[in-house]
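> Provided herewith is a single structure, encoded as structure tokens, for subsequent inquiry.
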Amino acid sequence: MKRYDGEVAVVSGASSGLGRRLALELASRGATVVGLARRKQLLVELAADLQARTSSSRTMECDVSDADAYRDVLAQIESDRGKLDILVAAAATEAETRVPGATLEDFRSTMDVNFFGVVAGTLAVVPGMAARRHGIVVNVSSDSARAPAPGGAAYAASKAAVSAFSEAVAMNVADSGVRVHVLYPGWVPTAMGLAAVERGMPLPPKPVRRTEDQIAELVCERMGSDAIELNASRLPVMAPLARAFFPKAYRRSVTKSSDA
Ligand SMILES: NC(=O)c1ccc[n+]([C@@H]2O[C@H](COP(=O)([O-])OP(=O)(O)OC[C@H]3O[C@@H](n4cnc5c(N)ncnc54)[C@H](OP(=O)(O)O)[C@@H]3O)[C@@H](O)[C@H]2O)c1
């Protein structure tokens, strides 16, 4: 089991789902973890669970769509702890954006959290990591980036932007000792995953389903390697190929799924 003793890790979206599980896993493996999110009561509970693993861990309230506030929080953590080794950006929101119906503001608000939150976090931590020649950033994307569903234009666009941004920056900073990864978790039964099913998305096939435990273990074992993509499931990697070679069949299957 890979350990992170002495490392300082920040996890956004730590109040629930994948972010919470990842924060706990990192603390169990010895890291000092600072968990960020907006819901106070959940952060209080998380802080107690984190401190039972590493006493130096804590939580802080932070809305990642407020880029200035988020940058200040990260700077404060880096200054208080003397360094910041790992940033896991799991904070995101998903709302239906069907056209016609969805407004420009719906798209902007999704991008502010899902994309500009990721950009703000990455830009804030990379300079210090590069100066110390050590650091890991894990930006959470989604299979929607490769295979958008008809009712999820804003979410899919934001995740495609996260993927492109992260991959470009990963190559950009590789020589400075900083590793940037983009995580594709498959489908996980978190609040967000279950809400999509409640809205009518069919339960994804078994090869795509993962648990929070599986994702936390995969990330903690593989991050820091030279691989840019962390794929929890291989099946969705085929989506662009299916689209290129069987466009009509691909489109029929995606449209049918979303109408179900
Ligand atoms: N579940 C899946 O099947 C699946 C599949 C692919 C990708 N993902 C990605 O995995 C990541 C984690 O999602 P999840 O499934 O664990 O969903 P979740 O349980 O709904 O967690 C989302 C987290 O994001 C936080 N968040 C939302 N808006 C925020 C904001 N403005 N500022 C700070 N934090 C914010 C929430 O905390 P607060 O509300 O307390 O702020 C919460 O902790 C997301 O990036 C999601 O897109 C999930």
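None of the figures in this text is laboratory data; all of them are computed from the coordinates on show. Because the structure is predicted, anything quoted here is derived from the model rather than measured. Glycine gets a Cβ as well: all are built from the backbone with ideal geometry, and neighbour counts include every protein chain shown.
> (1) in a helix (DSSP H, G or I); (2) over 13 Å from the mean Cα position of the chain (by Cα); (3) crowded, with 17+ Cβ neighbours inside 10 Å; (4) not hydrophobic (A, V, I, L, M, F, W, C): which one isn't true of ASP175, the others all being true?
(3)
> Hey, can you tell me all the residues within region 26-65 that are surrounded by 16 or more Cβ atoms within 10 Å (Cβ to Cβ), within 13 Å of the ligand (Cβ to nearest atom) and part of a loop (DSSP other than H, G, I, E, B)?
Matches in region 26-65: CYS62, ASP63, VAL64, SER65.
> Could you check region 5-14 and list, in sequence order, the residues that are within 23 Å of VAL118 (Cα to Cα) and either of a type in the set (A, V, I, L, M) or surrounded by fewer than 24 Cβ atoms within 10 Å (Cβ to Cβ) (or both)?
GLU7, VAL8, ALA9, VAL10, VAL11, ALA14
> Hey, could you check region 94-119 for residues that are of a type in the set (Val, Ile, Thr) and touching a residue at least 24 places away in the same chain (Cβ under 8 Å) and say which is nearest to the ligand (Cβ to nearest atom)?
Within region 94-119, the match that is nearest to the ligand (Cβ to nearest atom) is VAL113.
> Continuing with this model, one more query. Please determine whether any residue of region 224-247 is in contact (Cβ under 8 Å) with a residue 60 or more places away in the chain, within 10 Å of the ligand (Cβ to nearest atom) and within 26 Å of LEU123 (Cβ to Cβ).
No, that holds for no residue.
> Being in contact (Cβ under 8 Å) with a residue 40 or more places away in the chain and either hydroxyl-bearing (Ser, Thr, Tyr) or over 24 Å from ALA124 (Cα atoms) (or both) is the filter here; which residues of region 26-67 pass it?
Correct list: ARG29, THR32, THR59, SER65.
> I would also like to ask the following. Would you please name the residue that is surrounded by the fewest Cβ atoms within 10 Å (Cβ to Cβ), looking only at residues in region 106-146 that are among the aliphatic types (A, V, I, L, M) and in a strand (DSSP E or B)?
Looking at residues that are among the aliphatic types (A, V, I, L, M) and in a strand (DSSP E or B), I get ILE136.
> Under 27 Å from THR97 (Cα atoms), surrounded by 14 or more Cβ atoms within 10 Å (Cβ to Cβ), free of Cβ contacts under 8 Å to residues at least 40 places away in the same chain and within 10 Å of the ligand (Cβ to nearest atom): does that describe PRO204?
For PRO204, the condition - under 27 Å from THR97 (Cα atoms), surrounded by 14 or more Cβ atoms within 10 Å (Cβ to Cβ), free of Cβ contacts under 8 Å to residues at least 40 places away in the same chain and within 10 Å of the ligand (Cβ to nearest atom) - is met.
> Would you pick out the residues in region 47-97 that are touching a helix residue (DSSP H, G or I) at 6+ places or on another chain (Cβ under 8 Å), among the hydrophobic types (A, V, I, L, M, F, W, C) and under 25 Å from GLY6 (Cβ atoms)?
Result: LEU50, MET60, CYS62, LEU74, ALA75, LEU84, ILE86, LEU87, VAL88, ALA89, ALA90.
> Return yes or no: is SER163 near the ligand (Cβ under 8 Å from one of its atoms), within 22 Å of PRO247 (Cβ to Cβ) and free of Cβ contacts under 8 Å to residues at least 40 places away in the same chain?
No.
> Of all residues in region 207-223 being within 13 Å of the chain's Cα centre (by Cα) and among the β-branched types (Val, Ile, Thr), which is nearest to the ligand (Cβ to nearest atom)?
If we take residues in region 207-223 being within 13 Å of the chain's Cα centre (by Cα) and among the β-branched types (Val, Ile, Thr), then ILE215 is nearest to the ligand (Cβ to nearest atom).
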